[in-house]
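Everything on this sheet refers to the single structure shown next.
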Amino acid sequence: MDESLDQRINSQTEMISAETLPNASKSIRNRRIRRNRTSKRKIFYIAAGVVVFLFVACGSFIGYYTWDQHTIVDGVKISGINVSNMTQSQAKIAANKEIDLLLNQTVKLTDGQHSNDVKLRDLGLSISADKALKDAYDLSRTGSIYHRIVAKMDAAKGVSFKFSSQWDDKKMQESLDKLFGQYNKPAIDATYKITNANTMLIEHEQTGLIYDVDALKSQIKAINYLNPVSELKVNFKEQQPKVTAAQLEGEKITGLLASYTTHFDPSQTARTENVQLAAKSLDMAVIKPGDILSFNNIVGERTVAGGYKDAYIIVNGKFIPGLAGGICQVSSTLYNTGLLADLSVVQRTNHDLAITYAPLGQDATVAYPDLDLKFRNNTGGYVLVRTRTTSNTLTIDLYGKVKPGQEVAITDTTESVVQPDEQRVVDKTLKHGESVVKQQGQPGYVVNSIRTVKLDGKVVSSEPLQKSVYKALPKIINIGP
């Protein structure tokens, strides 16, 4: 009976164990899952914390690394000066101090007999650190954060900027001339004197010896001011004259080119004195080959202080008193001489009214400074102007390089004649029926002129000259009322 009871108890126990076993396993699995989830959350939080820490640490590092302390970054030099971690003003002071030392360096200039120690600044050197300082300060301050970091890291390995420099050519020239110009023996050009026979007496040129300024300047500009040479050699060279006796021989005056004479009324004393004064100013003028013969430039301004007097002149088609009246006879005489010498006409203007001392079409009026008579010396040689007067004549001669067999002639053709108007003016001082000719009229003209040049009897050129147009001068008759 007891055995039976034990068996039943064991059997029930086995039945209970069989029933509870699946539930226990499930509970264990749930506990394991919960533990795994908790572990994963811990790992996530730890990882997240690490990431946040690294991000904050990296951001802090970047912020600190790129923080602008208003100084030049580490590793920067300017022409050998370490300006790392300096402010702009500190770097400028350091640079200027170095520049001052560089400019005060001396170089010996010697020609073998004379030596001078000269500072580079006195030779025209100037040095500036402005651009280098700006570039150095801007380093790692532009661009993205990445580029700024890279630039700063690269700079830490070492980066160098250079001063900028330039030479003042004018200052250098002045310094060198002061030092060595005194030893120059400049070339002397061949010269000439005009003889009483209106020829040229030629004196020979002399070769000079001067220091070679261009070569010396090139040597100086090649100096490395960071490590300059101690001495430069100054060489002298020959200087050739610009004008040689051989040139003058080929351009010298050989004889009379042309001559022309006009007449004047000696009773008009003021006018006569003006003619003589202007002629005297022209006398002995020499025009170089290719240069311009200008009446106004040679004679100059006509003034009372210069001795000129009032005499009749032509203004706006009328004869009126004016200073230096009569000098147009001198310019007209010169015009005719220049035409016959076959000089090239550059500027010429005829009078408003026809004049009597030169043929129609062959006069030239002048008024200082703009109304001028100009020729170009196209003879290939020097031209000498000679003037002479008598009691009633003016003659102008031109001497120069004569072309044997050359003849020049001027022909004038009147294209048209304009008859003068007759004007009657009531004059209350006259009686009724009385009349007085107040002004004799004269015709106006249009004249064409041609210059013909012959060589050994053959025509080599026929040149139309400027057309001359003269106004008619009205006849004025005063009549009684």
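Within the option set 403, 431, being more than 37 Å from the chain's Cα centre (by Cα), of a type in the set (Lys, Arg), surrounded by 13 or more Cβ atoms within 10 Å (Cβ to Cβ) and not in a strand (DSSP E or B) holds for one residue only, 403.
Would you point out the residue of region 437-472, among those that are at pLDDT below 95 and in contact with an Asp or Glu (Cβ under 9 Å, 6 or more places away or on another chain), that is surrounded by the most Cβ atoms within 10 Å (Cβ to Cβ)? By that ranking, first place goes to 441.
Checking each residue in region 169-198 for being more than 20 Å from residue 219 (Cβ to Cβ), among the hydrophobic types (A, V, I, L, M, F, W, C) and touching a Leu at 6+ places or on another chain (Cβ under 7 Å) picks out 190, 194. Within the set 187, 197, the sole residue that is of a type in the set (Gly, Ala, Ser) and surrounded by 14 or more Cβ atoms within 10 Å (Cβ to Cβ) turns out to be 187. The set of residues in region 117-131 being in contact with a Lys or Arg (Cβ under 6 Å, 6 or more places away or on another chain) and either surrounded by 14 or more Cβ atoms within 10 Å (Cβ to Cβ) or assigned to a helix (DSSP H, G or I) (or both) consists of 124 alone. Among the residues making up region 286-308, those that are within 25 Å of residue 399 (Cβ to Cβ) and crowded, with 19+ Cβ neighbours inside 10 Å are 287, 293, 295, 296, 299. Confirm whether residue 387 is among the β-branched types (Val, Ile, Thr) and more than 46 Å from the chain's Cα centre (by Cα). No: the conditions fail for residue 387. Do we have any residue at all in region 248-267 that's outside any strand (DSSP E or B), buried (at least 16 other Cβ atoms within 10 Å of the Cβ), of a type in the set (A, V, I, L, M) and out of contact with any helix residue (DSSP H, G or I) (no Cβ under 9 Å at 6 or more places or on another chain)? Yes, the conditions are met somewhere in region 248-267. The condition of being at pLDDT 95 or above, under 21 Å from residue 409 (Cβ atoms) and touching a strand residue (DSSP E or B) at 6+ places or on another chain (Cβ under 8 Å) holds for only one of 339, 353, 384, that being 339.
Test residue 316 against the criterion of being modelled with pLDDT under 95 and assigned by TED's automatic domain parsing to the domain that holds residue 393, and give yes or no. Before you say what the answer is, go through the steps one by one.
On the way: modelled with pLDDT under 95: yes; assigned by TED's automatic domain parsing to the domain that holds residue 393: yes.
In short, yes.
Given the criteria buried (at least 19 other Cβ atoms within 10 Å of the Cβ), out of contact with any Gly (no Cβ under 9 Å at 6 or more places or on another chain) and hydrophobic (A, V, I, L, M, F, W, C), does residue 102 qualify? It would help to see each step written out before you state the result.
Numbers: buried (at least 19 other Cβ atoms within 10 Å of the Cβ): no; out of contact with any Gly (no Cβ under 9 Å at 6 or more places or on another chain): yes; hydrophobic (A, V, I, L, M, F, W, C): yes.
It is false that residue 102 is buried (at least 19 other Cβ atoms within 10 Å of the Cβ), out of contact with any Gly (no Cβ under 9 Å at 6 or more places or on another chain) and hydrophobic (A, V, I, L, M, F, W, C).
Could you list all residues from region 315-344 that are surrounded by fewer than 21 Cβ atoms within 10 Å (Cβ to Cβ) and within 22 Å of residue 445 (Cα to Cα)? Correct list: 315, 316, 317, 318, 319, 320. Identify the single condition in (1) within 25 Å of residue 225 (Cβ to Cβ); (2) of a type outside the set (Val, Ile, Thr); (3) buried (at least 17 other Cβ atoms within 10 Å of the Cβ) that residue 89 does not satisfy, given that it satisfies every other one. It is condition (3) that residue 89 fails. With respect to being within 38 Å of the chain's Cα centre (by Cα), on the phi < 0 side of the Ramachandran plot and not in a helix (DSSP H, G or I), residue 84 falls outside the description. On the basis of being closer than 26 Å to residue 343 by Cβ and hydroxyl-bearing (Ser, Thr, Tyr), does residue 183 make the cut? Taking the combined requirement at face value, the residue does not satisfy it. Can you tell me which residues in region 256-305 are among the hydrophobic types (A, V, I, L, M, F, W, C) and more than 44 Å from the chain's Cα centre (by Cα)? The answer is 264, 270.
Tell me, yes or no, whether region 436-447 has at least one residue that is in the same structural domain as residue 290 (by TED's automatic domain parsing) and at positive phi. No, region 436-447 contains no residue that is in the same structural domain as residue 290 (by TED's automatic domain parsing) and at positive phi.
The values are calculated or read from the model by the stated rules, or taken from the named source; none is laboratory data. As the structure is a prediction and not an experimental result, all values here were calculated from the model. Reconstructed Cβ throughout: ideal geometry from the backbone, glycine too, with neighbour counts over all protein chains shown.
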